[in-house]
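Peer 1: Below is a structure I'd like to ask you about.
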Amino acid sequence: MKDFAFFDAQCAIGAPILGNARGGETAAGLLAEMDRNGVDKALVAHANTEAAGAIFANENLLELIRADDVDNRLTGVWTILPAQCGELPPPDEFFAQMAANRVGALNLFPVAHRWQACRLTIGRLMDAAAERRIPVFLGQRIMDGGWRGVFDFMRTFPAATVIINGVSLWGPDRNIRPLLENFPGCHVELSEYWVPEGIADLARLYGAERLLYGSGYPRFGHGSTMLSIRHSGLPLEQVRLIASQNLERLLAQAQLV
Amino acid sequence: MKKAVWEQPGSLAEAFWKNGIADIPIYDMHGHMGSHNAIYFARCEAPEMVAHLRRIGVRRLVFSHHYSLMGSFRNQRVHAITARFPDILRMYVSISPHQTDFIAEDLEQFDSMTPLAIGFKFLPDYHKVKVTDPRYEPVLNFASERRLPILVHTWGGSPYDGPDVMLEAATRYPQVTFFMAHSFSGDLPGAKRVADACPNVYFELTSLPGQHTIIERLCADIGSHRLLFGTDMPWFDEYQHVGGILSADISEDDKHNILYRNVEKLLGKDW
Ligand SMILES: [Zn+2]
């Protein structure tokens, strides 16, 4: 939109195993909803990664994006796995492939993909990602033990650049505030953060640069969190940070190659 | 790029986007108050809640107090809080089916709590008692005699307040206006079944605005004339929920119906 740029940090495309993508099976569906709501760009993951696995999802995501994203508005998110089975290339090569394919961030699904998210499995990869400031998505829904798993991960990789997603609609301040307080690399995407006046509270406590607009598409639509950020009560320069500039900065500072 | 929903000239979405408020009243028919066991609420007392409501132009918030629903805080105390903000707050008298002595007291004192009290709130899923259980009968009979609304927490698949139970209750008490809180949490076939059979039923939207396509499907299947806006305030931000209505792919009329017209048809403008 003319007065505010929005960069969606949290959305997914692809056909989920249980259906219900409601138009999000393709990048065209996502782009149409972005247009209807006035969202400029999106960082997009595959919606069926948990069921179909990282290998399929990482590849299929690129196919889906290439099929419809003629204006390069979408940046991909790739899923990581433990190093020992050699399913993904070594870190440097993997990051170079990300750069070559317009993939800007990482995620992980240790419970669904049956591995332990710890130093033994992803230590080398996460140390390299932290050093290169590559953003990694982390959420209570996908970690063993929920929030305990998120806390363990952050204690193990305290220097990581992390985007906490899927915070749950039940006000999550008791869990996200300790993370924001203790880990400067922690950011929160706001698609499920519906706390009244809460965006302004978090910005005042931890800085607006720690918060990111996310739609949560296709489970959620784009517009509701746009309006809550627009009228968070924060100064417009902070609104702009949350709406798009923070994510632009995170992706720009990542040194993939 | 085509104009976004927020840029449509003269629309409600444009007004709220630009100004944070529009030239319409908003009736929030589902609120609470007070702290919560599992959630930190920075703004759960009346003054802070009212400040948030005024920012977006909520004309009335009808609430039930967490402490009355979950604890033993009496409704008269809620009335005293409501009376501090009579220009914006209204209350539901909270009912726990396990406290029969409280129910007797509440019905006896109901007149002293009007006009700020407009009806009752049931929370069957939490109290684990079916709405059709005899313990709710005194309240249902009272509401029926006076044609009062009852906001009932409803959830798809629940044995206490799911579509089957609510169909039975709404059929048995046709004089009661039932507000189905959360509209059975998106169990659309269930909601439609109840809507088709019971004209005395309205569907309240807390937690649904923002969920992709659900407002569109409720408008298509049930009709926007049966939908009521609500937020569970202090659970959910007014801008988030209003944003979910305004950005839904529905008509401008649908949005007006949901945010205020249906309530004004039901309760008038002066209550
Ligand atoms: Zn409620």
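Values in this text are rule-based calculations from the coordinates and carry no lab data. Since this is a predicted model, take the numbers as computed values, not measurements. Ideal geometry is used to build each Cβ from the backbone, glycine not excepted, and the neighbour counts take in all protein chains shown.
Peer 1: Among the numbered conditions (1) under 17 Å from the mean Cα position of the chain (by Cα); (2) within 30 Å of B:GLU137 (Cβ to Cβ); (3) among the β-branched types (Val, Ile, Thr), tell me where B:ILE103 comes up short.
Peer 2: Among (1) under 17 Å from the mean Cα position of the chain (by Cα); (2) within 30 Å of B:GLU137 (Cβ to Cβ); (3) among the β-branched types (Val, Ile, Thr), the lone unmet condition for B:ILE103 is (1).
Peer 1: For region B:162-187, what are the residues that are within 16 Å of the ligand (Cβ to nearest atom) and either of a type outside the set (S, T, N, Q) or in contact with a Lys or Arg (Cβ under 7 Å, 6 or more places away or on another chain) (or both)?
Peer 2: Of everything in region B:162-187, those that are within 16 Å of the ligand (Cβ to nearest atom) and either of a type outside the set (S, T, N, Q) or in contact with a Lys or Arg (Cβ under 7 Å, 6 or more places away or on another chain) (or both) turn out to be B:MET166, B:PHE178, B:PHE179, B:MET180, B:ALA181, B:HIS182, B:PHE184, B:GLY186.
Peer 1: Considering region A:206-221 alone, what residues qualify as being within 28 Å of A:PHE95 (Cβ to Cβ) and in a loop (DSSP other than H, G, I, E, B)?
Peer 2: Correct list: A:GLY207, A:TYR213, A:GLY214, A:SER215, A:GLY216.
Peer 1: Sticking with this structure for a sec: With the condition kept exactly as written, say whether any residue in region B:8-24 is surrounded by fewer than 15 Cβ atoms within 10 Å (Cβ to Cβ), more than 30 Å from A:ASN175 (Cβ to Cβ) and more than 14 Å from chain A (Cβ to nearest Cβ).
Peer 2: Within region B:8-24, one or more residues are surrounded by fewer than 15 Cβ atoms within 10 Å (Cβ to Cβ), more than 30 Å from A:ASN175 (Cβ to Cβ) and more than 14 Å from chain A (Cβ to nearest Cβ).
Peer 1: Separate question: Would you point out which residue out of A:ASN37, A:ASN58, A:ASN20 is buried (at least 22 other Cβ atoms within 10 Å of the Cβ) and more than 27 Å from A:ILE242 (Cβ to Cβ)?
Peer 2: Matching residue, one of A:ASN37, A:ASN58, A:ASN20: A:ASN58.
Peer 1: B:SER158: within 16 Å of the ligand (Cβ to nearest atom) and among the polar types (S, T, N, Q), yes or no?
Peer 2: yes
Peer 1: Going by the conditions given, is A:GLY53 on the phi > 0 side of the Ramachandran plot and of a type in the set (Gly, Ala, Ser)?
Peer 2: yes
Peer 1: A:GLY214: closer than 27 Å to B:ALA51 by Cβ and not aliphatic (A, V, I, L, M), yes or no?
Peer 2: Against the criterion (closer than 27 Å to B:ALA51 by Cβ and not aliphatic (A, V, I, L, M)), A:GLY214 qualifies.
Peer 1: What number of residues within region A:180-199 are surrounded by fewer than 22 Cβ atoms within 10 Å (Cβ to Cβ) and either in contact (Cβ under 8 Å) with a residue 40 or more places away in the chain or of a type in the set (A, V, I, L, M, F, W, C) (or both)?
Peer 2: Matching residues across region A:180-199 total 3.
Peer 1: Out of (1) surrounded by fewer than 22 Cβ atoms within 10 Å (Cβ to Cβ); (2) under 26 Å from A:LEU169 (Cβ atoms); (3) touching a strand residue (DSSP E or B) at 6+ places or on another chain (Cβ under 9 Å), the odd one out for A:ALA51 is which?
Peer 2: Only one criterion in (1) surrounded by fewer than 22 Cβ atoms within 10 Å (Cβ to Cβ); (2) under 26 Å from A:LEU169 (Cβ atoms); (3) touching a strand residue (DSSP E or B) at 6+ places or on another chain (Cβ under 9 Å) is unmet by A:ALA51, namely (3).
Peer 1: Right, something else. Can you name the condition, by its number, that A:VAL167 falls short on among (1) in a helix (DSSP H, G or I); (2) within 14 Å of another protein chain (Cβ to nearest Cβ)?
Peer 2: With respect to (1) in a helix (DSSP H, G or I); (2) within 14 Å of another protein chain (Cβ to nearest Cβ), A:VAL167 is out only on (1).
Peer 1: State whether one or more residues within region A:191-204 are within 19 Å of B:GLU7 (Cα to Cα), in contact with a helix residue (DSSP H, G or I) (Cβ under 6 Å, 6 or more places away or on another chain) and within 13 Å of chain B (Cβ to nearest Cβ).
Peer 2: no
Peer 1: OK, next. Does any residue in region B:21-33 that is β-branched (Val, Ile, Thr) come within less than 8 Å, Cβ to Cβ, of a residue that is away from the ligand (no atom under 11 Å from the Cβ) and part of a strand (DSSP E or B) six or more places away or on a different chain, and which pairs are these?
Peer 2: Note: pairs meeting the criteria are B:ILE26/B:VAL58; B:ILE26/B:ARG59.
Peer 1: Moving on. For region B:51-100, which residues satisfy the criterion of being over 20 Å from the mean Cα position of the chain (by Cα) and among the aromatic types (Phe, Trp, Tyr)?
Peer 2: B:PHE73
Peer 1: If only one of B:ASP232, B:ASP254, B:ASP270 is within 19 Å of B:VAL58 (Cα to Cα), surrounded by fewer than 23 Cβ atoms within 10 Å (Cβ to Cβ) and in contact with a Cys (Cβ under 8 Å, 6 or more places away or on another chain), which one is it?
Peer 2: B:ASP254
Peer 1: When the residues of region B:25-59 are narrowed to those that are in a loop (DSSP other than H, G, I, E, B) and crowded, with 24+ Cβ neighbours inside 10 Å, which ends up farthest from the ligand (Cβ to nearest atom)?
Peer 2: B:MET33
Peer 1: May I pose another question? Please count how many residues of region A:121-158 are in a helix (DSSP H, G or I), among the basic types (Lys, Arg) and under 24 Å from A:GLY216 (Cα atoms).
Peer 2: The total comes to 1.
Peer 1: A further question on this structure: Mind listing just one residue for me: the one in region B:235-251 that is outside any helix (DSSP H, G or I) and away from the ligand (no atom under 16 Å from the Cβ) and, of those, surrounded by the fewest Cβ atoms within 10 Å (Cβ to Cβ)?
Peer 2: In this case the residue turns out to be B:SER251.
Peer 1: Quick check on my filter: what residues within region A:222-241 are more than 8 Å from chain B (Cβ to nearest Cβ), free of Cβ contacts under 8 Å to residues at least 12 places away in the same chain and assigned to a helix (DSSP H, G or I)?
Peer 2: A:LEU236, A:GLU237
Peer 1: Quick check on region B:195-221: of everything there that is in contact with a Ser or Thr (Cβ under 8 Å, 6 or more places away or on another chain) and part of a loop (DSSP other than H, G, I, E, B), which residue is nearest to the ligand (Cβ to nearest atom)?
Peer 2: Looking at the filtered set, the residue picked out is B:THR206.
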